[in-house]
Ligand code: ZN
């Protein structure tokens, strides 16, 4: 893995959270993007070489809505950048990690993504991301 690419934060109200994070980080969100397959709208902030991704659910049954229901707003996942997502998925599967998707899927911000179950990583949902070239 190359680096932490972004930290995903589950929020109830994207407009309100964007205003808070713009103030906190000292720069505005550079992009908003809906990910239909996940039932979310995302908003990205650049922080040096890393990013913060705010996630608001558009689907009351979606993963972000369920996470907020269970644990409230807050850090939802940590995303690591990889060069070859299929190779990393294979490596982690062989090492006993539980992948939440068997094939890489399109995520926000021009990425292929795969999630690893929090059970496999001490309670932290892990996302692998590879830039789509
Ligand atoms: Zn993410």
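The values are calculated or read from the model by the stated rules, or taken from the named source; none is laboratory data. The structure displayed is predicted, hence computed values, not measured ones. In this analysis, Cβ positions are derived from the backbone assuming ideal geometry, glycine residues included, and neighbour counts consider all displayed protein chains.
Overview of results
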quantity	calculated
Selection count where residues are modelled with pLDDT under 95 and either within 12 Å of the ligand (Cβ to nearest atom) or over 22 Å from residue 40 (Cβ atoms) (or both), scope the stretch 112-133	1
Hits in the stretch 72-100 - residues which are part of a loop (DSSP other than H, G, I, E, B) and either touching a residue at least 12 places away in the same chain (Cβ under 8 Å) or over 27 Å from residue 41 (Cβ atoms) (or both)	73, 82, 83, 84, 95, 96, 97, 98, 100
Residues satisfying the stated conditions in the stretch 35-82, i.e. within 10 Å of the ligand (Cβ to nearest atom) and modelled with pLDDT under 95	35, 38
Residue identified as assigned to a loop (DSSP other than H, G, I, E, B) and under 23 Å from residue 42 (Cα atoms) among 69, 103	103
Residue count, the stretch 12-29 (criterion: part of a helix (DSSP H, G or I) and either in contact with a strand residue (DSSP E or B) (Cβ under 6 Å, 6 or more places away or on another chain) or in contact (Cβ under 8 Å) with a residue 40 or more places away in the chain (or both))	5
Conditions (1) within 13 Å of the ligand (Cβ to nearest atom); (2) more than 23 Å from residue 29 (Cα to Cα); number of the one not met by residue 107	(2)
Meets criteria (within 25 Å of residue 34 (Cβ to Cβ), under 11 Å from the mean Cα position of the chain (by Cα) and touching a residue at least 24 places away in the same chain (Cβ under 8 Å)) for residue 129	yes
Residue that is surrounded by the most Cβ atoms within 10 Å (Cβ to Cβ) [pool: residues in the stretch 79-126 that are closer than 18 Å to residue 35 by Cβ and touching a helix residue (DSSP H, G or I) at 6+ places or on another chain (Cβ under 6 Å)]	114
Odd one out for residue 26, checked against (1) closer than 26 Å to residue 70 by Cβ; (2) at pLDDT 95 or above	(1)
